[in-house]
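Asks: The structure that follows is given in the form of C-alpha cells.
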Amino acid sequence: MKNPISWQGGNLSMLEALSLPVWVFDIDQKYVFWANPAALRVWGAHSLAELQQRDMSLDMSVSVAQRLCQYQQDFEREDASFVESWTLYPNGLPCVLKVAFRGIRVDGRMMMFCEAQNHLTADPASLRSAEALMHTSVLITLYDAAGRALYRNPSARAQVAHAGEAWRQHFIHDGDWQALQQGVAASGEARRSAQVCTRLGTRWHEIAVRACRDAVSGQDALLVSEVDITDLKHAEGRANFLANHDMLTGLPNRNGIRSDFLPYLQQALRDGRQVALMFIDLDRFKNVNDSLGHASGDELLIGMAARLTKLLGHDEKAARLGGDEFLVMLAAPEAAERADALGRGILQALGMPIRLGGMDISVSASIGVSVCRAGMLDIEQMMRHADLAMYAAKDAGRNNLMFFTPALEARTQAQLALESDIRRGLENGEFIAYFQPRVDVASGSVVGAEALARWNHPQRGVLKPDSFIQVCEDSGLILALGRQILAQAAEQQRRWREMGLDLMVSVNLSPCQFVDPALPAMVAGVLAGSGCQAERLELEITESVLLGHDDQTMCTLQALRGQGVRIAVDDFGTGYSNLAYLQRYPLSSLKIDRSFIADLDSTPAIAELIITMCRMLELKVVAEGVETSRQLEWLRQRGCQEYQGYLCSPALAAGEFHKLLL
Ligand code: C2E
Ligand code: CA
Ligand code: CA
C-alpha cells in the first residue's frame, strides 16, 4: 500500500477544473499521486482512488524507469522542464499525448508534474519515430547554427554536462570540434570518436554529425548523434597494451618496441646519430627455473628487468623478447661506445646476487651487439647480427659482451655447411659406434662398453664428437645420430653374446632425445630389431634432464625401466647438484665426471662424497677418465665398482675392442 502523502503545494481547485489532463506522478513509488478529472478520463479510471491503486512499475521497462530517475535528478538540479510526446497505455490501449513535464516538490520529495497539451494526431510513422527518439540509447541533439542546443532526446539529456552546454563546449579537445566542423562544411556530414564532457565526467563518444534544417524555424542546424564507446576504448587500449607488452615484466615486447621505438631510431639515424641493438640472454636461466621452480624464475626475470631499465638513458629502451631474452635499442653519437659501456653496466648489475626462495642467486648474462652507423635501418638484419654476437658471447664463456663481426656470419655459414655434411654422412652410414671398455675395479676384467660416436669422414678421417655433436644438437640431427649409434651398440651386444661374451653396453642419450615422446618406442624397436638383451643395455642421461618437468621425466624413465633397460646419470657432479632427485627417480648407475677423477690428488672430497652417496642409494658407481693406477687404487679402496679410462683403453672400433678381450 502507498503511503498517504499530503499535498502541500498550490491550490488544486483551478487544476481540477482544467479541461486539459493534468497529473502528478510519484517517481519514487511509481504511481499516480494525483490527477484531475480530465486526466482520470485519459487514464480510464473511475476515481482518483482507483488510479492511485495502480502499480505503474508492473509494465514499466527498465529504460523508462531509468529515464524517470534521470528526470527526477534534472528537476532537482536545474529546475528542468521539457515537452515530449508520450504514449500511455491506460488499460493496455495506447494513447499518444504531448506532455509537458516539470518537477514538483511534495512533502520534500521530487515528483513529476505532467500536463497533457493535446492528443497527438500525427501519422503512425512519425509517432513511431518520435517514440524511437525517446527510447533509443543513442544521444541525439539538434544544435542551431551558433551551436546552441535546440533539442535533446532523453538519452542526450541524461548525459549532457549541463543544460546550457554549447556544441563546441562539448569537446575536451577543441581539435575534435574543428575536425567535425570542417567535415560538415566540406561534405555535409562527419564522423569521429572524441573525448567529450558529460555528466559522468570525460567519456569517449563516437559522434556523427549531419547538416540539416530545424523543422520549426527552417534555419540551418546540426543533427548530432553520439554513442558512448568508453568501454570499447578501454578494451581497445587494454588489447593494445597486451599486444605490445610483456605481462610479466611490464616491458614492451617485440611488437611494442617496434611500433614505439623504431620510428624514433630511424629519425635518430637521419639526424646523424648511430643506432645499436643489444641482445641480452641470461646464462643458465633454465637451470634456475628447473631447480627453484617457475615462480622463482618469474621473480628473477622481474628483478632483472627492473635492474636493466634502471640503467637506461633517454634514448634507450628495453624489451623482453620472451623467455630469458631481453633486447635493448639505443641511439647515440657513438653507438658502439655507448653499447659497450651500457653492456658492461648491465653485466655488472645483473650479476649482483638476488634473493630467491631464501637463497642468494647470481646470474650472469651474455650480450650480443650490432651497430648501424648510417644509412637505412635494417632492423631484421640487426636482430640477426645481435643474435649471432650473443651466441658468440655465450661460446666465449658467458658473462660476456660481443660485437657482431662479419666473421661470425662466416662461421654460421660454416655451421650450415657442416650440418648438411652431417646429414649426408648419416645417410651414407659414416657414423660408427666405437667402444670404450668398462672395467670391474675389483677384478680388473672388462664387463661392458660405452658406445661413443665417431664420424668416419671420407675426406677428414675419423672425427671425434666435439666436432659434430653440438651441431647435431642444435639442428635436431641428434635424433637420427642417436638412433644409429644405439642400433649399432645393440647389434654389437648381441654379436658379443653370440661369441660367448656377456657384456653391458651403455649408450649416450642427448637431452633432445630424452624429451622426444617417441623415445621409449624407438628403444623398444631397436631392442626387438637387434636381439639385444634389454637388461644388458644402459642409457646415459645427463643431470640436467632430471631437473624440472617432473611428471614427464618420470613417465619416460618408467617407460624405459619397464622394458628392463638400465639408466645411468652421466657426468655427475657438473650440473646443479640437487641431490633430492636421485632417490626420486628409478636410476641404476652414476658416472663420476672425469674432472673429479683428474682432481683426486688435490680435492678428493667430491668423488668421495659421490661414492658414499651411491652406496646409500644403492646405485652402481662408475668412475670416468681413469688414467693412472694411483687413481684406480684410490677408487678400489673406496669401493667404487667400475671405471673407464685410458688406463685400460680409449674407445676402439668394434674389431679392435674384440682383440682387447682376447
Ligand atoms: P662422455 O659421455 O662423458 O664420454 C666420455 C668421453 O671421455 C669420451 O670422449 C671419451 O673418449 C673420453 N675419455 C674416456 N676415457 C678418458 C680418459 O681417460 N681421459 C680423458 N681425458 N678422456 C677420456 P668422446 O668420445 O670424445 O665423447 C665426448 C662426448 O660426446 C661424450 O662424453 C658424450 O657426451 C658425447 N657423445 C659421444 N657419443 C655420443 C652419442 O652417441 N650420443 C650422444 N648424445 N652423445 C655422444
Ligand atoms: Ca657418457
Ligand atoms: Ca661422461
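The values are calculated or read from the model by the stated rules, or taken from the named source; none is laboratory data. Predicted model only: the values in this text are computed from it and were never measured. All Cβ positions, glycine included, derive from the backbone under ideal geometry; neighbour counts span all protein chains shown. Surface areas here come from the heavy atoms of the whole protein model, side chains and all, with no ligands, DNA or RNA. Shrake-Rupley method; radii C 1.70, N 1.55, O 1.52, S 1.80 Å.
Asks: Determine the shape class of segment 422-661: with a ≥ b ≥ c the square roots of the Cα gyration tensor eigenvalues, call it rounded for a/c under 1.5, and otherwise prolate if a/b is greater than b/c, oblate otherwise. Intermediate values should be presented prior to the final figure.
Replies: On the way: a/c = 1.45, a/b = 1.18, b/c = 1.23.
It comes out rounded by the Cα gyration axes.
Asks: Something else about it: Considering amide H positions built from the backbone, and no H for Pro or chain starts, which residues 5 or more places from Met110, or on another chain, come under 5 Å of its amide H?
Replies: Under 5 Å from the amide H of Met110: no residue qualifies.
Asks: How much length is gained if the chain between Ala518 and Arg105 is pulled fully straight, taking 0.36 nm per residue apart and subtracting their Cα-Cα distance, in nm to one decimal? Before the final figure, lay out each step's value.
Replies: On the way: separation 413, 0.36 × 413 = 148.68 nm, distance 8.27 nm.
Gain in length upon complete extension: 140.4 nm.
Asks: Can you list the residues, at least 5 places off or on another chain, whose amide H is less than 5 Å from the amide H of Ala35, using H built in the peptide plane?
Replies: Val24
Asks: Do the sum for the chain: with -39,500 (n - 2.57) for every DSSP H run of n ≥ 4, divided by all residues, what is the mean residue ellipticity at 222 nm, to the nearest 500 deg cm²/dmol?
Replies: Numbers: 25 runs with 284 residues, N = 662.
Here the helix-only value at 222 nm equals -13000 deg cm²/dmol.
Asks: Moving on. Could you give each residue of segment 297-305 its phi-based ³J(HN,Hα) in whole Hz, using Karplus coefficients 6.51, -1.76, 1.60 with θ = phi - 60°, and x for Gly or Pro?
Replies: Working through the residues one at a time gives x, 4, 4, 4, 4, 5, x, 5, 4 Hz.
Asks: For helix 406-427, report the angle its Cα long axis makes with the longest principal axis of the Cα atoms of the chain; keep it between 0 and 90° and round to the nearest 10°.
Replies: Helix 406-427 and the main axis of the chain meet at about 70 degrees.
Asks: To continue, here is another question. Residues with amide H under 5 Å of Tyr151's amide H, sequence separation 5 or more or different chain, H placed in the peptide plane at 1.01 Å from N; which?
Replies: It is Leu142, by chain and number.
Asks: Here is a further query. What do you get when you divide the Cα radius of gyration of the chain by 2.2 N^0.38 Å, with N the number of residues? It would help to have the intermediate numbers written out before the result.
Replies: Numbers: Rg = 42.3 Å, N = 662, 2.2 N^0.38 = 26.0 Å.
Cα Rg divided by the expected 2.2 N^0.38 Å: 1.63.
Asks: When only DSSP loop residues count, what chymotrypsin sites (Phe, Trp or Tyr not before Pro) in segment 572-636 have their Cβ near at most 16 other Cβ atoms within 10 Å? List each step's numbers first, then the result.
Replies: Details: sites: Phe572, Tyr576, Tyr581, Phe596, Trp634; in loops: Tyr576.
Passing both the DSSP loop test and the Cβ count: Tyr576.
Asks: Under 20 Å from a point placed 7 Å out from the Cα of Glu498 along the Cα-to-Cβ direction: which residues of segment 515-554 have their backbone N that close?
Replies: Flagged as within label range: 525-537.
Asks: OK, next. If I model a spin label as a point 7 Å beyond the Cα along the Cα-Cβ vector, how far apart are those points for Arg355 and Arg636 in nm?
Replies: Once both label points are built, they end up 5.3 nm from each other.
Asks: Then there's this: Extending each Cα 7 Å along its Cβ direction at Arg199 and Gln413, get the distance between those two points in nm, one decimal.
Replies: 7.4
Asks: Please list, or write none, the lysines whose alpha carbon is within less than 22 Å of the alpha carbon of Lys394, excluding same-chain residues fewer than 8 places away.
Replies: Lys286
Asks: While we're here: Normalised by the residues of the chain, what does the relative contact order come to in percent, with Cα pairs under 8 Å and at least six apart?
Replies: Rounded, it is 7 percent for the chain.
Asks: Which of the lysines could a cross-linker bridge to Lys620, judged by Cα under 20 Å and excluding same-chain residues fewer than eight apart?
Replies: Lys591
Asks: For the pair Ala306 and Ala166, what calculated FRET efficiency results from E = 1/(1 + (r/R0)^6), where r is the Cβ-Cβ distance and R0 = 45 Å, to the nearest 0.05?
Replies: Values: r = 49 Å, r/R0 = 1.09.
The calculated FRET efficiency here is 0.35.
Asks: Ok, one more. Could you give me the ³J(HN,Hα) list for segment 482-487, computed from phi with Karplus coefficients 6.51, -1.76, 1.60 and θ = phi - 60°, whole Hz, x at Gly and Pro?
Replies: x, 5, 5, 5, 4, 5
Asks: Over the chain, give the accessible area per residue in Å² for a 1.4 Å probe, as an integer. Before the final figure, lay out each step's value.
Replies: On the way: 32080 Å² over 662 residues.
Counting only protein heavy atoms, the per-residue value for the chain is 48 Å².
Asks: Would you work out what percent of the accessible area of the chain, with all protein chains in place, is carbon or sulfur (probe 1.4 Å)?
Replies: Taking all protein chains in place, the chain shows 53 percent carbon and sulfur surface.
Asks: Rounded, prolate or oblate: pick one for segment 404-542, where a ≥ b ≥ c are the square roots of the eigenvalues of its C-alpha gyration tensor, a/c under 1.5 means rounded, and failing that, prolate if a/b is larger than b/c, else oblate.
Replies: Working: a/c = 2.17, a/b = 1.85, b/c = 1.17.
Here segment 404-542 falls in the prolate category.
Asks: Over segment 9-123, what is the relative contact order in whole percent, taking alpha-carbon pairs under 8 Å and six or more residues apart?
Replies: After rounding, I find 26 percent.
Asks: What whole-number distance in Å separates the alpha-carbon centres of segment 246-276 and segment 156-216?
Replies: Comparing the Cα centres of segment 246-276 and segment 156-216, I get a distance of 36 Å.
Asks: What is segment 136-234's relative contact order, in percent, from Cα pairs under 8 angstrom and six or more apart in sequence? Please list the in-between numbers first.
Replies: Details: 197 pairs, mean separation 28.3, N = 99.
Rounded, it is 29 percent for segment 136-234.
Asks: Can you tell me the orientation of helix 174-187 relative to the chain, as the angle in degrees between its alpha-carbon axis and the longest Cα principal axis, to the nearest 10?
Replies: 70
Asks: What full-extension length gain, to one decimal in nm, is calculated for Glu334 and Ser595 as 0.36 nm per residue of separation minus the Cα-Cα distance? Show your work: numbers first, answer last.
Replies: Values: separation 261, 0.36 × 261 = 93.96 nm, distance 4.48 nm.
That pair, Glu334 and Ser595, stretches by 89.5 nm at full extension.
Asks: Angle, helix 230-244 long axis vs. longest principal axis of the chain, Cα atoms, 0 to 90°, nearest 10?
Replies: For helix 230-244, the angle is close to 10 degrees.
Asks: Continuing with this model, one more query. If R₀ is 41 angstrom, what is the calculated FRET efficiency for the pair Ser57 and Ser187, using the beta carbon separation as r and rounding to 0.05?
Replies: 0.30
Asks: Calculate the spin-label point distance for Tyr264 paired with His135, positioning each point 7 Å from the Cα along the beta-carbon direction, and give it in nanometres.
Replies: So the two model labels end up 5.3 nm from each other.
Asks: According to the square roots a ≥ b ≥ c of the eigenvalues of the Cα gyration tensor, what is the shape class of segment 9-123, taking rounded for a/c under 1.5, prolate for a/b larger than b/c otherwise, and oblate for the remainder? Could you put the intermediate results ahead of the total?
Replies: Values: a/c = 1.25, a/b = 1.11, b/c = 1.13.
Taking the square roots of the gyration eigenvalues as a ≥ b ≥ c, segment 9-123 is rounded.
Asks: For Gln219 and Gln583 in the same chain, what is the full-extension length gain: residue separation times 0.36 nm, less their Cα-Cα distance, in nm? Don't skip to the end; give the middle numbers.
Replies: On the way: separation 364, 0.36 × 364 = 131.04 nm, distance 9.15 nm.
Residue separation times 0.36 nm, minus the Cα-Cα distance, leaves 121.9 nm.
Asks: At R0 = 60 Å, how high is the FRET efficiency between Arg41 and Arg210 if r is their beta carbon distance? Nearest 0.05 is fine.
Replies: 0.90
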